[in-house]
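Read through the structure below, which is laid out as structure tokens, and then see the notes.
The values are calculated or read from the model by the stated rules, or taken from the named source; none is laboratory data. None of these values were measured; they are calculated from a predicted model. Reconstructed Cβ throughout: ideal geometry from the backbone, glycine too, with neighbour counts over all protein chains shown.
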Amino acid sequence: MGRIMLRGKGKKKADNEPAAESKEPNLDHEEKGQNSAGTVEAAVPAAETAVQEPSPEDKLAEVQDKYLRAVAELDNFKKRAEREKNELSSYIKVSLFRDLLPVLDDFGRFFEHVENGEAVLDQGFVQGIELIHKSLLKLFEKHGVEAIEKAGVPVDYNIHEAVLTQPVENKDQDHTVVQILEVGYRIGDKLIRPAKGKVGLFNQ
């Protein structure tokens, strides 16, 4: 009986040995898998780098494109700055000469009174006023200020203001400026003040 039990124990031990061996990891297989995965991962970035890296020609074309864009933007900026400068200068001129027009009107009224004999003044004083008036007119002329004072022309409501109307017998005088009542002024296409006048109307 004792021998049978000993043999049974020995058999169980022998049966357990293969099971223990099966639990040991296969290190060679795992190392091969890791090495294979590492090789693939290393190959992917290398392939991506090869695709994304631009050629020297592409780099040169990109630099040239950026340069041309910068030159165009600079040119547009200069043109815009010059245009804004001219517009500002024109606006300042219009405002300045609009403020000077009442002074010019006063000179005109003064000389009308003198010519009509309504004011008897020293001749030297009158000559001094005339010099100032001429200097002011030269200033207007220097800066391109143009007087709108011509009568007998068709009414242009961009530069004329009709304050009175007058019947006319000639059809050709219909809607023409018969008389200028207040001189207008402009600088180029910028109106400083419209010319006020009497406009003819033809009645059939």
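Whether any residue in the range 119-127 is aromatic (Phe, Trp, Tyr) and within 24 Å of Phe202 (Cβ to Cβ) is what I want to check. No, every residue in the range 119-127 fails to be aromatic (Phe, Trp, Tyr) and within 24 Å of Phe202 (Cβ to Cβ).
Among the candidates Glu57, Glu62, the residue that is touching a Pro at 6+ places or on another chain (Cβ under 8 Å), on the phi < 0 side of the Ramachandran plot and either surrounded by fewer than 10 Cβ atoms within 10 Å (Cβ to Cβ) or outside the structural domain of Ile192 (by TED's automatic domain parsing) (or both) is uniquely Glu62.
Elements of the type strands (runs of 3 or more DSSP E) sitting completely within the range 103-204 and holding at least 3 residues that are closer than 30 Å to Asn86 by Cα, in contact (Cβ under 8 Å) with a residue 24 or more places away in the chain and of a type outside the set (Val, Ile, Thr): these cover 184-187, 190-193. For the residues Glu118, Glu31, Glu53, the requirement of being modelled with pLDDT under 85 and closer than 30 Å to Lys196 by Cβ singles out Glu118.
Each residue in the range 179-204 was checked for being of a type outside the set (S, T, N, Q) and either closer than 17 Å to Val168 by Cβ or within 26 Å of the chain's Cα centre (by Cα) (or both), and 14 of them qualify.
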